[in-house]
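Enquirer: First the structure, which I've put down as structure tokens, then a few questions once you've had a look.
The values are calculated or read from the model by the stated rules, or taken from the named source; none is laboratory data. In this text the structure is predicted, and so the values were computed from the model without any measurement. With ideal geometry, Cβ positions are generated from the backbone for all residues, glycine too; neighbour counts draw on all protein chains shown. Note: areas computed on protein heavy atoms with side chains; ligands, DNA, RNA excluded. Shrake-Rupley method; radii C 1.70, N 1.55, O 1.52, S 1.80 Å.
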Amino acid sequence: MTELRAGRLRCELAPALGGAVAGLWRDDVPLLRSTPGAQLASARTAACLPLVPFSNRVGQAAVVWQGTQQPLVRHPGDAPHAIQGLAWQRPWSVLDEDESSAMLAYEHRADASWPFAFDCSHTIRLSPQALEMTLAVTNQSPQPAPVSLGWRALLPRAPGTRLAWHASGRWEFDLDRLPAFCRPTSGHDGDAAALPLAQAYEGWDGTVLAGTQLALRSGLTRLVVCNDPDLDCIALEPVSHAPNAVHLYAAGAPTGELGLSLLQPGESLIAQCRIEAGAA
């Protein structure tokens, strides 16, 4: 476990559990759904999780690439899809750390979980006002490879929580929770309890406001929001690509419309995310 401090903010990291942020607190009040690092049992319940080399779902846990179908490891449980990459299921190492920052790293060799080699770093910096994260992924395969990234941040569920963001489109999902088509929207501004189970937005303006308590900001232009009523949190996921982008690309959709990056050998993709503490 690695602890960072800056002003009234405190952050605990769990490198062995997917390079995750276990918790973020102001004094002793959690700003995200937070668990002390030593008590965190699963990366899936961490406050914030890096999503690499894809986010959301890959339909039926298989990648169709250059005419060949390559099976992936399914998400734990009974879901039929691979979900939110694989780096959250692997231990990361700590390359560097000081009182308020740390750099974590993970190196992937091609295997049944993902057929393309890559390495990535997750740099976390804590200031008195915010948690800042930078995620970088480099294709280490000898061929071009699909790569995308993002984060999964868990917001504590509380009565009356108001969420607001702007976007230009929203994906409608089929019965398998895979994207079927995208329709125009202006985003959302209202009670978090009214959100559907899952939704994915295009043309996101890069900001989510959670009342006056917290703001999430990123240069990424896609946002996935999950509101499972059986859980004690709401997942906010700034991501670089549309859900199931690899399959949509194989079906003929342009990469530019999907946000899917095709990295040449040695080429990198970088993204940033900032979680700001609001009024105390």
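Enquirer: Just to confirm my filter: which strands (runs of 3 or more DSSP E) fall fully inside segment 138-232 and include at least 2 residues that are under 15 Å from the mean Cα position of the chain (by Cα)?
Expert: It comes to 150-156, 198-202, 207-210, 214-218, 222-226.
Enquirer: Within segment 180-205, can you find the residues that are under 15 Å from GLY169 (Cβ atoms), in contact (Cβ under 8 Å) with a residue 12 or more places away in the chain and out of contact with any Leu (no Cβ under 7 Å at 6 or more places or on another chain)?
Expert: The answer is CYS182, ARG183, PRO184, THR185, SER186, GLY187, GLN199, ALA200, GLU202, GLY203, ASP205.
Enquirer: Of all residues in segment 93-126 being among the small types (Gly, Ala, Ser) and surrounded by fewer than 16 Cβ atoms within 10 Å (Cβ to Cβ), which is modelled with the lowest pLDDT?
Expert: Filtering segment 93-126 for residues that are among the small types (Gly, Ala, Ser) and surrounded by fewer than 16 Cβ atoms within 10 Å (Cβ to Cβ), the one modelled with the lowest pLDDT comes out as ALA112.
Enquirer: Which condition number does ARG157 fail, the rest of (1) surrounded by 11 or more Cβ atoms within 10 Å (Cβ to Cβ); (2) at pLDDT below 80 being met?
Expert: Result: ARG157 fails condition (2) only.
Enquirer: Related question: Cβ-Cβ below 7 Å, separation at least six or inter-chain, first residue in segment 1-29 and under 16 Å from ARG125 (Cβ atoms) and touching a residue at least 60 places away in the same chain (Cβ under 8 Å), second part of a loop (DSSP other than H, G, I, E, B) and of a type in the set (Phe, Trp, Tyr): which pairs?
Expert: PRO15/TRP92; GLY19/TRP92
Enquirer: Just name the residue that is nearest to LEU31 (Cα to Cα) out of those in segment 200-234 that are touching an Asp or Glu at 6+ places or on another chain (Cβ under 9 Å) and surrounded by fewer than 19 Cβ atoms within 10 Å (Cβ to Cβ).
Expert: ALA215
Enquirer: Further question: Do you know which residues across segment 235-247 are open to solvent by less than 40 Å² (accessible area, probe 1.4 Å) and either outside any loop (DSSP other than H, G, I, E, B) or modelled with pLDDT of 95 or more (or both)?
Expert: Selection gives ALA235, LEU236, GLU237, PRO238, VAL239, ALA245, VAL246.
Enquirer: On the given criteria, is ASP230 among the acidic types (Asp, Glu) and at pLDDT below 90?
Expert: yes
Enquirer: Same structure, new question: Please determine whether any residue of segment 150-168 is closer than 22 Å to TRP204 by Cβ, in contact with a Leu (Cβ under 7 Å, 6 or more places away or on another chain) and among the charged types (D, E, K, R).
Expert: yes
Enquirer: Any idea how many residues of segment 17-32 are β-branched (Val, Ile, Thr) and touching a Ser or Thr at 6+ places or on another chain (Cβ under 6 Å)?
Expert: Number of matching residues: 0.
Enquirer: I'm checking my understanding of the structure. Among residues of segment 1-20 that are over 19 Å from TRP151 (Cβ atoms) and assigned to a loop (DSSP other than H, G, I, E, B), which one is least open to solvent (accessible area, probe 1.4 Å)?
Expert: That would be GLY7.
Enquirer: Given the criteria more than 26 Å from LEU214 (Cα to Cα) and either buried (at least 17 other Cβ atoms within 10 Å of the Cβ) or not hydroxyl-bearing (Ser, Thr, Tyr) (or both), does GLN129 qualify?
Expert: It is false that GLN129 is more than 26 Å from LEU214 (Cα to Cα) and either buried (at least 17 other Cβ atoms within 10 Å of the Cβ) or not hydroxyl-bearing (Ser, Thr, Tyr) (or both).
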